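Taken together, the values in this text are just the output of simple stated rules run on the coordinates, not laboratory data. On a predicted model such as this, the values are computed, not experimentally measured, just so you know. Every residue, glycine as well, gets a Cβ built from its backbone with ideal geometry; the counts of neighbours run over all protein chains shown.
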Amino acid sequence: MKFNFNANYESVKKEYNLEKGQYFKLSEGANRVRLISECLPHQSFYKNQLTFKWLCQVIDRKDGIVKPFFMANTIYRQIESLQMSEDYAFTEVPMPYDMTINAKGAGTKEVVYTTTPARNNTPLTEEDKKAIAEAPTVQELQQKIRDNEKEGTQIQNTMKGIAPAHEEMPDDFLNEIPFAPEDKK
């Protein structure tokens, strides 16, 4: 069967945001961003553990690209404090200023985050506005993530021989898998 990898990549790179990077991931030290969307609650499983993050979108100031960000609750609460403060209050997103999220111990369970707002409000550039307009909404992003997680779970369950609740697996299901163990039960 003929298959053109380049044509396939070109057709999906915009839909899946491949050309602009995947997710914003905090690295050790200072991470400067602009929060540009509301934050949606997002539960998922990571290494068989239920996790909770806030899904939002930020402009990564390292490269100026809009990226999805799974924000830790501690960061969310610090932004909440900024919003309620006299000096840094804001009522809309995108936020009127950038912020620096410092991560100490990034990539570990013991990570500590501190959020520092910029001293001054700065308007979004034309490039920022264009990037925001071209990016999917955070609601569209969350739906796509949920759809992918659901599809991934269904595939994993099928591989394990677990039928989805709405469908029954045939008794000889394992016989149809060429790599099933010889001692099927």
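Restriction of the GluC sites (Glu not before Pro) in region 33-133 to DSSP coil positions whose beta-carbon has at most 15 other beta-carbons within 10 angstrom yields GLU38, GLU86, GLU92, GLU110. Ranked by the mean number of other Cβ atoms within 10 Å of their residues, highest first, the peptides 114-120, 64-70 fall in the order 64-70, 114-120. Legend: residue pairs LYS62/LYS109; LYS47/LYS150; LYS47/LYS144; LYS53/LYS104; LYS53/LYS130, Cα-Cα distance threshold 23 Å; pairs beyond threshold, LYS62/LYS109; LYS53/LYS130.
Could you tally the net charge around ARG61, taking each other residue with its Cβ under 13 Å from the Cβ of ARG61, Lys/Arg +1 and Asp/Glu -1? Present the calculation step by step, with values, prior to reporting the outcome.
Working: positive: ARG32, ARG34, LYS62, LYS67; negative: ASP60, ASP63, ASP98, GLU127, ASP128.
Surrounding charge for ARG61 is -1.
When peptides 44-52, 96-104 are sorted by average Cβ neighbour count within 10 Å, with the highest value leading, the order is 96-104, 44-52. Other residues lying with their Cβ under 13 Å from the Cβ of THR74 contribute a combined charge of +2, Lys and Arg counting +1, Asp and Glu -1.
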